[in-house]
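This report refers to the structure that appears directly beneath it.
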Amino acid sequence: MSLDVSPVLLEQAERGEVDEKEFVDCVRTSLPFAWDMISNLVARLKVDGGEFADNTTPPPSEHARGQLLRALASDAIRGALERHFGVKLAFQNCHRVAVFPLDAASDDAWARFTSVRSQILNQSAELRDC
């Protein structure tokens with residue numbers, strides 16, 4: 001299971017109305033490794049500036065890697081995180097996450113990061129089975 005959904009949040013979904021703040025909190029508590037990584041990257045982007053902030057360190061365990069994959073592979077989770085943090089997320093391999101500001105100035109950097117060329121250049125034998 002990807003998320004530990006509370007009965008209250010489940011009831012909201014069954015009624016058709018879900019409070020996104022509660023959903024984001026569910027993501028935060030269910031996927032703490034992914035949440036911390038993205039939070040830290042957002043903070044780094046705000047402090048350091050630049051075109052983007054990214055992580056290049058593999059997760060410490062398969063459990064942590066799974067959290068990251070679940071957070072970024074789900075359109076709903078990823079979209080909620082982007083809206084919550086006010087950034088655009090990008091993902092390569094099993095651990096390279098990047099956060100980009102929402103301004104148009106970051107569009108070129110995001111396009112380069114998410115390009116086929118960048119994906120190929122980011123490959124390595126160590127990451128083949130991640």
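Looking at Pro59, Pro32 in this structure, which one is within 14 Å of the chain's Cα centre (by Cα) and closer than 28 Å to Asp107 by Cα?
Testing whether each residue is within 14 Å of the chain's Cα centre (by Cα) and closer than 28 Å to Asp107 by Cα leaves just Pro59.
Could you look through segment 82-112, keep only residues that are outside any loop (DSSP other than H, G, I, E, B) and modelled with pLDDT under 75, and pick out the one that is least open to solvent (accessible area, probe 1.4 Å)?
So the residue we want is Ser106.
Filter segment 1-33 down to the residues that are assigned to a helix (DSSP H, G or I), surrounded by 13 or more Cβ atoms within 10 Å (Cβ to Cβ), of a type in the set (A, V, I, L, M, F, W, C) and out of contact with any Pro (no Cβ under 9 Å at 6 or more places or on another chain) and list them by number.
Listed by number, the residues that qualify are Leu9, Phe23, Val24, Cys26, Val27.
For Arg44, state whether it is assigned to a helix (DSSP H, G or I) and either among the small types (Gly, Ala, Ser) or free of Cβ contacts under 8 Å to residues at least 60 places away in the same chain (or both).
The answer is yes for Arg44.
Using beta carbons and a limit of 8 Å, which pairs, at least six apart or on different chains, have the first residue in segment 13-40 and more than 13 Å from Arg83 (Cα to Cα) and the second one modelled with pLDDT of 95 or more and open to solvent by 80 Å² or more (accessible area, probe 1.4 Å)?
What qualifies is Trp35/Arg28.
The values are calculated or read from the model by the stated rules, or taken from the named source; none is laboratory data. Just so you know, these numbers come straight off a predicted model, no measurement behind them. Methodologically, a virtual Cβ is constructed for each residue, glycine included, from the backbone with ideal geometry; neighbour enumeration extends over all protein chains shown. Heavy atoms of the whole protein, side chains included, go into the accessibility calculation; ligands, DNA and RNA do not. Shrake-Rupley method; radii C 1.70, N 1.55, O 1.52, S 1.80 Å.
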